[in-house]
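Visitor: Okay, handing you the structure first.
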Number of protein chains: 2
Amino acid sequence: MALSRKLAAADDAPAPYFTATLAKGLDVLEALAEVEDVNLTDLSRRLGVSGPTLFRILATLGQCGYVQKAAKTSRYRLTLKAWEVGARAVRRLTMRDVARPWVEALAKESREAVHLGVLQGSGVVIIDKVDTPHPVKVDTYVGQRAPAHCAAIGKAILAYESAATLDAFFDHALPRFTPTTISGRRQLERELALTRDRGYALNHEEWRQGVCAVAVPIRCHSGEVAASLSLTMPTERFAKEAIAQFVAALLRAAQAISRDLGGERRESGASRP
Amino acid sequence: MALSRKLAAADDAPAPYFTATLAKGLDVLEALAEVEDVNLTDLSRRLGVSGPTLFRILATLGQCGYVQKAAKTSRYRLTLKAWEVGARAVRRLTMRDVARPWVEALAKESREAVHLGVLQGSGVVIIDKVDTPHPVKVDTYVGQRAPAHCAAIGKAILAYESAATLDAFFDHALPRFTPTTISGRRQLERELALTRDRGYALNHEEWRQGVCAVAVPIRCHSGEVAASLSLTMPTERFAKEAIAQFVAALLRAAQAISRDLGGERRESGASRP
DNA sequence: CCTATTCTTTTCAATATATGAAAAGTACTT
DNA sequence: AAGTACTTTTCATATATTGAAAAGAATAGG
């Protein structure tokens, strides 16, 4: 799973223009993101990289500030450096700032967790969140990636993507996570058509057991769908009768955000919720 | 500035255990974080890396999902991948979740921008923020790095670090940003002693013109200073008479956070503000 | 407290890989 | 439509990366 793409490529095509060392370093970074703390040997086994090689990579990541050693010796862990670098990219998403007040208002009104997400490859990345006041919460976090094909927040975007983008999307597999996961291209296309017709996307435990969600697309001034807004909750609270109200609130918020996006500038003086 | 540390090392020591290609790739990532969109040639000039080499690096970063090409061809930009990877590290900081309600309460009470920061190398990284309602705001963002020696949020942590950590800290230079920046070791040590005596740190335009701040340390259950909490505002609003009130509010919030950190678990049922 | 075991770090020679010059191919500009 | 600037490919060379093996630390076990 953490193998560099070159090796993972089933067809042994020459995989042109690929710098193996760099890819290996990034794999190490990603592996460290998953484990809290590791020692060299464990990590070396996990990644299938020899000790000395990993030692050099970790030393380099350390010198560049991405990794540090916990305590005196032994275990390695990530610093916040990767997050800092990435934060510069997030900062450029006007969407986030414009949507913020409406995300908060929607959370207050619905009393459920609100997520704002954008499409990135085969997944949706949560770029903002306001949690529910209920004591029973779904475990999600800002920066989390959800598979687009089985999350409401993903389907609400996919439903409005161009044929070309969808073609590229379907190059990725559609892994099955639960019995209700839609993992066939045909079925997903039908689901997306349904989503377009209704104007909102649903997820009934398609990704994680016990978790449901509704989502609507957010259009930018040019009319393209640029993000999506969702309400996520435990199945227990996802009553059939309540959905219409959730959708209404979502649509109101999404429209307000679209409107505020018009100017496209950060300090927009637009009306607040 | 974006040169890999190997080359930047003034003393031409052999710089042991260093993987140049990986470091170059990370440099590219960081360069892309700074520019929104670049074409290959510009980036190649900026980094002093030849075209074909950069081409390979960008191709690799692309295959690994860290970079993508805008539009059809031409310009490169960062994806959210680095941010996603880093978000896993941030998520492990219990501090952030525990502090959140108090950060919000403090923002409401003070009506100024509240920042929560942790020390990372020679800087402080802002891990959470709630902005002021005032129309005149200081430009800051979550994920931002501030130089520790000339930011209140940094000095409030430095003041309580061990001699060993401080020694390591002083290996970095203390760049001067404004006429009031403290850039000598002796002077900074005096300032830190003063900070300890008072119990709070100040910054009068030491980093950025027109920006002032007050900050207090946050101690974890073991008594170590693990983070700091600041109020940041334009000099115009930083009235001498108001500081005592800001400090009182900051200390109250910091104490509450320290208390709530006791359990050290995420879903702490502790009292809310 | 000493020995055994496991993990980290260093060394080193073989080899695979990255490198930049130059050329070919594209995409803009005027 | 010709010119200019940028991107991509090719390729021979030099270099950096590689893992085996060994030395050195640290930790655990008796």
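Visitor: Of the numbered conditions (1) surrounded by 20 or more Cβ atoms within 10 Å (Cβ to Cβ); (2) modelled with pLDDT under 95, B:T41 fails exactly one; give the number of that condition.
Guide: For B:T41, the exception is condition (1).
Visitor: Report, ordered by the first and then the second residue, all pairs with beta carbons closer than 8 Å, sequence separation of six or more or different chains, a first member in region B:31-55 that is within 13 Å of chain A (Cβ to nearest Cβ), and a second member that is more than 7 Å from DNA strand D (Cβ to nearest atom) and β-branched (V, I, T).
Guide: As it stands, the answer is B:A31/B:V38; B:L32/B:V38; B:L32/B:V67; B:A33/A:V85; B:V49/B:V28; B:V49/B:I57; B:L54/B:V28, since those pairs meet every condition given.
Visitor: Continuing with the same structure: Take B:W102 and decide whether it is surrounded by 21 or more Cβ atoms within 10 Å (Cβ to Cβ) and more than 9 Å from chain A (Cβ to nearest Cβ).
Guide: Yes: the conditions hold for B:W102.
Visitor: Looking for whichever is within 16 Å of A:M95 (Cα to Cα) and in contact with a Ser or Thr (Cβ under 8 Å, 6 or more places away or on another chain) here; the options are A:P175, A:P217. Which one fits?
Guide: After applying the criteria, what remains is A:P217.
Visitor: Among A:A156, A:A227, A:A215, A:A193, which is assigned to a helix (DSSP H, G or I) and in contact (Cβ under 8 Å) with a residue 60 or more places away in the chain?
Guide: Values: A:A227 fails: assigned to a helix (DSSP H, G or I); A:A215 fails: assigned to a helix (DSSP H, G or I); A:A193 fails: in contact (Cβ under 8 Å) with a residue 60 or more places away in the chain.
Within the list A:A156, A:A227, A:A215, A:A193, the selection yields A:A156.
Visitor: Return yes when B:A244 is out of contact with any helix residue (DSSP H, G or I) (no Cβ under 8 Å at 6 or more places or on another chain) and either crowded, with 16+ Cβ neighbours inside 10 Å or not in a strand (DSSP E or B) (or both) and no when it is not.
Guide: On the way: out of contact with any helix residue (DSSP H, G or I) (no Cβ under 8 Å at 6 or more places or on another chain): yes; either crowded, with 16+ Cβ neighbours inside 10 Å or not in a strand (DSSP E or B) (or both): yes.
Here the answer is yes, as B:A244 does meet what is asked.
Visitor: Let me spell it out: the conditions are (1) more than 30 Å from B:I243 (Cα to Cα); (2) surrounded by fewer than 17 Cβ atoms within 10 Å (Cβ to Cβ), and B:K108 meets all of them except one. Which number is the exception?
Guide: (1)
Visitor: Something else now. For the subset of region B:1-38 comprising residues that are away from DNA strand C (no atom under 15 Å from the Cβ) and of a type in the set (D, E, K, R), which member is modelled with the highest pLDDT?
Guide: Here the residue is B:E30.
Visitor: Continuing with this model, one more query. Has region A:137-148 got any residue that is surrounded by fewer than 17 Cβ atoms within 10 Å (Cβ to Cβ) and more than 11 Å from every other protein chain (Cβ to nearest Cβ)?
Guide: Within region A:137-148, not a single residue is surrounded by fewer than 17 Cβ atoms within 10 Å (Cβ to Cβ) and more than 11 Å from every other protein chain (Cβ to nearest Cβ).
Visitor: Can you tell which of A:T60, A:T79, A:T53, A:T94 is within 29 Å of the chain's Cα centre (by Cα), hydroxyl-bearing (S, T, Y) and within 11 Å of DNA strand D (Cβ to nearest atom)?
Guide: Among A:T60, A:T79, A:T53, A:T94, only A:T60 is within 29 Å of the chain's Cα centre (by Cα), hydroxyl-bearing (S, T, Y) and within 11 Å of DNA strand D (Cβ to nearest atom).
Visitor: Identify, please: which residue in region B:15-28 is near DNA strand D (Cβ under 10 Å from one of its atoms) and part of a loop (DSSP other than H, G, I, E, B) and is, among those, nearest to A:A23 (Cα to Cα)?
Guide: If we take residues in region B:15-28 being near DNA strand D (Cβ under 10 Å from one of its atoms) and part of a loop (DSSP other than H, G, I, E, B), then B:T19 is nearest to A:A23 (Cα to Cα).
Visitor: What residue, of A:A213, A:A159, A:A164, is farther than 26 Å from A:S110 by Cβ and either outside the structural domain of A:D139 (by TED's automatic domain parsing) or not polar (S, T, N, Q) (or both)?
Guide: Just a single option satisfies the conditions, and that option is A:A164.
Visitor: Quick check: anything in region A:183-190 closer than 24 Å to A:S110 by Cα and loosely packed, with under 14 Cβ neighbours inside 10 Å? Working first, answer last.
Guide: If we filter region A:183-190 for residues that are closer than 24 Å to A:S110 by Cα, which is where we start, we get none.
Looking for residues that are closer than 24 Å to A:S110 by Cα and loosely packed, with under 14 Cβ neighbours inside 10 Å, one finds none in region A:183-190, hence no.
Visitor: Quick check on region B:135-144. Is at least one of its residues farther than 25 Å from B:I257 by Cβ and in contact (Cβ under 8 Å) with a residue 24 or more places away in the chain? Quick ask: steps written out before the conclusion?
Guide: We begin by selecting, within region B:135-144, every residue farther than 25 Å from B:I257 by Cβ; these are B:135-136, B:139.
Checking which are in contact (Cβ under 8 Å) with a residue 24 or more places away in the chain leaves us with B:136.
Taking every residue of region B:135-144 in turn, at least one turns out to be farther than 25 Å from B:I257 by Cβ and in contact (Cβ under 8 Å) with a residue 24 or more places away in the chain.
Visitor: So, in region B:61-87, exactly how many residues are more than 9 Å from chain A (Cβ to nearest Cβ) and of a type in the set (F, W, Y)?
Guide: 1
Visitor: Another one. Listed residues A:V125, A:V90; which is facing chain B (nearest Cβ under 7 Å), closer than 30 Å to A:R190 by Cβ and either among the charged types (D, E, K, R) or buried (at least 20 other Cβ atoms within 10 Å of the Cβ) (or both)?
Guide: A:V125
Visitor: While we're looking at this one, here's another question. Has region A:113-135 got at least one residue that is of a type in the set (A, V, I, L, M, F, W, C) and not in a strand (DSSP E or B)?
Guide: There is no residue in region A:113-135 that is of a type in the set (A, V, I, L, M, F, W, C) and not in a strand (DSSP E or B).
Visitor: Of these, B:L116, B:L229, which one is under 16 Å from B:F246 (Cβ atoms) and within 14 Å of chain A (Cβ to nearest Cβ)?
Guide: Just one listed residue meets the conditions, B:L116.
The values are calculated or read from the model by the stated rules, or taken from the named source; none is laboratory data. Predicted model, so just to flag it, every value in this text is computed and none were measured. When we count neighbours, we look across all protein chains shown, and the Cβ atoms used for this are built from the backbone with ideal geometry, even at glycine.
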